[in-house]
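Remarks on the structure that follows.
The values are calculated or read from the model by the stated rules, or taken from the named source; none is laboratory data. Here the structure is a predicted model, which means the values were calculated and not measured. FYI the Cβ positions are ideal-geometry reconstructions off the backbone, even for glycines, and counts take in every protein chain you see. We work out accessible area using only protein heavy atoms, side chains counted, and drop any ligands, DNA or RNA first. Shrake-Rupley method; radii C 1.70, N 1.55, O 1.52, S 1.80 Å.
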Amino acid sequence: MTEVTRAEHCVIACAEEWRGDGEVLASPMGVIPSVGARLARLTFAPDLLLTDGEALLVTPDGTVEGWLPYRQHLTLVTGGRRHVMMGASQLDRHGNQNISCVGPWERPSRQLLGVRGAPVNTLNNPTSYWVPRHSRRVFVERVDLVCGVGNDRAAGARYHCLRRVVSDLGVFDFGTPDRTMRLVAVHPGVTVEQVREATSFEPAVADEVAVTRAPTPAELRLIREVLDPGNARAREVAG
Amino acid sequence: MPDKTMTADEAVSRLRDGMTVGIGGWGSRRKPMALVRALLRSGVTGLTVVSYGGPDVGMLAAAGRIRRLVAPFATLDSIPLEPHFRAARERGELDLTEVDEAMFLWGLRAAANRLPFLPVRAGLGSDVMRINPGLRTVTSPYDDGETFVAMPALRLDAALVHVNRADRRGNGQYLGPDPYFDDLFCEAADTAYVSCERIVDTAELAKGGPPQSLLVKRHRVTGVIEAPGGAHFTSCAPDYGRDEEFQRTYATTPWPEFAARYLGGDEQAYRAAVGRRP
């Protein structure tokens, strides 16, 4: 087998986010989190629920096992039986996320998606983030509009739970005393210094920064032959 | 037996400047585009549009018909950013009430249930509160004492939705996998206009799908419009998928050129221009 790519390490890092979650819906946004969620379901997290991205609950081979239209999906969010991995146009050290616009909200320089479900997601079900291009433009001191609620703004929110941030460079948790982003792992070939340089704020760094594990041969076969034979993952993360 | 059938132009002729209009569907899915096109042909303007936004929002914004938009997003799904909505926002042309997807749903539910608001666990801690300074919170009267957003009812003057089948009395049936919130839009509105791919006899509805596919109830419906291809270029499963190629044309053609080429005439002219058989 050829060498494991960065994208494949990212798949593993994303998949690991759903380990131990039990019978909840894995909601991935982006190609690599989608491959990761299905990989987790096929291997170490067999109880996970998956959607087809529309209104159906499906097994990894596409067998329909349930109906989940938007209205029920929102109930599942507020009921907390879901772990979402959202994207982020901007993210700060506290985990505040922006997908709405860049610049002043009143008249943005770049209008993006809108707040979507980020406010309800972050107050109701475990939330992780996926950033396929780690850069200072994404990891900012202050986000222009808080859509997903960070730890510093979630006072009293009973079900607020930010888990992790996975980027194409590494993995962060919120394990500092003030629950800010802390680098806990880098992907093979990435240095801590590289992560620092690509981040606008100074991230906390764990005493021992791990290296993202490689996929097992069985996992690698699943990724390459079953889950993403068209190699869409390489278009999201090169190298 | 009341026959509520009318043309799309008749339906929009009942709308007035400054009305609050809810538009069903989601993103670039099952949008009542024939009704939106009729709205574009009409002179109606100054609208407050309430929508899980797709090209309905983009087109009405590009044509300058929206005074205020109430929405959690605007997207074309396979093209993530709605280009005309985006341009309108970046030119500062659009007043926006931007709320979370769940807040929006709770607002429709409140209106449908004739409540002034519903409490929702969403929005707190986010900038939704800053950009909507009129939003109020409410404290649970029970022992938990938790604070929620009091999402105000999104009461609509009119709802526009598109379904697969309907009868002449206004019973509407969806045959795709997701009802979106079209029934709720109708229930939240004083008047509702339901376009459909095909008008069928009432007896045909139950033959076409299970009882739970009978989504829209006639007592909420003012007008029924037969509009084959009425969701084009958005999807209307299972009758047709999204016209991705045409959506790309929409997204990449300057608005005046697009409007001149495709929206100058009636619905039949639109279909001819698109090269689509009825």
(request) Report yes if residue A:172 is open to solvent by less than 30 Å² (accessible area, probe 1.4 Å), among the aromatic types (Phe, Trp, Tyr) and within 19 Å of the chain's Cα centre (by Cα), otherwise no. (result) yes
(message) Checking the structure you have, find out if any residue of segment B:96-112 is more than 9 Å from chain A (Cβ to nearest Cβ), surrounded by fewer than 18 Cβ atoms within 10 Å (Cβ to Cβ) and modelled with pLDDT of 95 or more.
(response) no
(message) Within segment B:190-203, does at least one residue satisfy the condition of being more than 20 Å from residue B:10 (Cα to Cα) and free of Cβ contacts under 8 Å to residues at least 12 places away in the same chain?
(response) yes
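Conditions tested, residue by residue: (1) in contact with a helix residue (DSSP H, G or I) (Cβ under 6 Å, 6 or more places away or on another chain); (2) of a type in the set (Gly, Ala, Ser); (3) touching a residue at least 40 places away in the same chain (Cβ under 8 Å).
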position	(1), (2), (3)
A:159	yes, no, yes
A:170	yes, yes, yes
A:177	no, no, no
A:189	no, yes, yes
A:195	no, no, yes
A:199	no, no, yes
A:216	no, no, no
A:229	no, no, no
(message) Regarding segment A:116-126, can at least one residue be identified that is under 30 Å from residue B:238 (Cα atoms), within 11 Å of another protein chain (Cβ to nearest Cβ), charged (D, E, K, R) and surrounded by 21 or more Cβ atoms within 10 Å (Cβ to Cβ)?
(response) yes
(message) Looking only at helices (runs of 4 or more DSSP H) that lie completely in segment B:7-90, which have at least 2 residues being basic (Lys, Arg)?
(response) B:33-41, B:83-90
(message) Restricting to segment B:1-44, name every residue that is closer than 18 Å to residue B:97 by Cα and open to solvent by 10 Å² or more (accessible area, probe 1.4 Å).
(response) B:18, B:19, B:20
(message) Going by what's in this entry, would residue B:68 be described as in contact (Cβ under 8 Å) with a residue 12 or more places away in the chain, on the phi > 0 side of the Ramachandran plot and in contact with a strand residue (DSSP E or B) (Cβ under 6 Å, 6 or more places away or on another chain)?
(response) no
(request) Within segment B:198-223, track down each residue that is part of a helix (DSSP H, G or I) and in contact with a strand residue (DSSP E or B) (Cβ under 6 Å, 6 or more places away or on another chain). (result) B:205, B:208, B:213, B:220
(request) Select from segment B:171-208 the residues that are within 14 Å of another protein chain (Cβ to nearest Cβ) and under 12 Å from the mean Cα position of the chain (by Cα) and write down the one among them that is farthest from residue A:69 (Cα to Cα). (result) B:185
(message) Restricting to segment A:5-20, count the residues that are of a type in the set (D, E, K, R) and part of a helix (DSSP H, G or I).
(response) 3
(request) Kindly indicate whether residue A:206 is at pLDDT 95 or above, of a type in the set (A, V, I, L, M), over 30 Å from residue B:27 (Cα atoms) and in a loop (DSSP other than H, G, I, E, B). (result) no
(message) Name the residue that is modelled with the lowest pLDDT, counting only residues in segment A:221-239 that are among the hydrophobic types (A, V, I, L, M, F, W, C) and open to solvent by 10 Å² or more (accessible area, probe 1.4 Å).
(response) A:238
(request) Go through segment B:209-233 and give me each residue that's out of contact with any Phe, Trp or Tyr (no Cβ under 9 Å at 6 or more places or on another chain) and open to solvent by less than 50 Å² (accessible area, probe 1.4 Å). (result) B:227, B:228, B:230
(message) For segment B:244-269: of the residues being within 14 Å of residue B:234 (Cβ to Cβ) and not polar (S, T, N, Q), which is surrounded by the fewest Cβ atoms within 10 Å (Cβ to Cβ)?
(response) B:245
(request) Mind counting the residues in segment B:162-192 that are in a strand (DSSP E or B) and open to solvent by less than 10 Å² (accessible area, probe 1.4 Å)? (result) 8
(message) Can you tell me how many residues within segment B:126-139 are open to solvent by less than 20 Å² (accessible area, probe 1.4 Å) and either assigned to a loop (DSSP other than H, G, I, E, B) or among the basic types (Lys, Arg) (or both)?
(response) 3
(message) If I ask for residues that are more than 18 Å from residue A:122 (Cα to Cα), assigned to a loop (DSSP other than H, G, I, E, B) and either more than 14 Å from chain B (Cβ to nearest Cβ) or among the hydroxyl-bearing types (Ser, Thr, Tyr) (or both), which ones from segment A:132-177 would you list?
(response) A:133, A:134, A:135, A:136, A:137, A:138, A:140, A:141, A:168, A:169, A:176, A:177
(message) If residue A:194 satisfies all but one of (1) open to solvent by 30 Å² or more (accessible area, probe 1.4 Å); (2) within 21 Å of residue A:36 (Cβ to Cβ), what's the number of the condition it fails?
(response) (2)
(request) Run down B:121, B:136, B:168, B:130 and say which single residue is more than 11 Å from chain A (Cβ to nearest Cβ) and without any contact (Cβ under 8 Å) to a residue 40 or more places away in the chain. (result) B:136
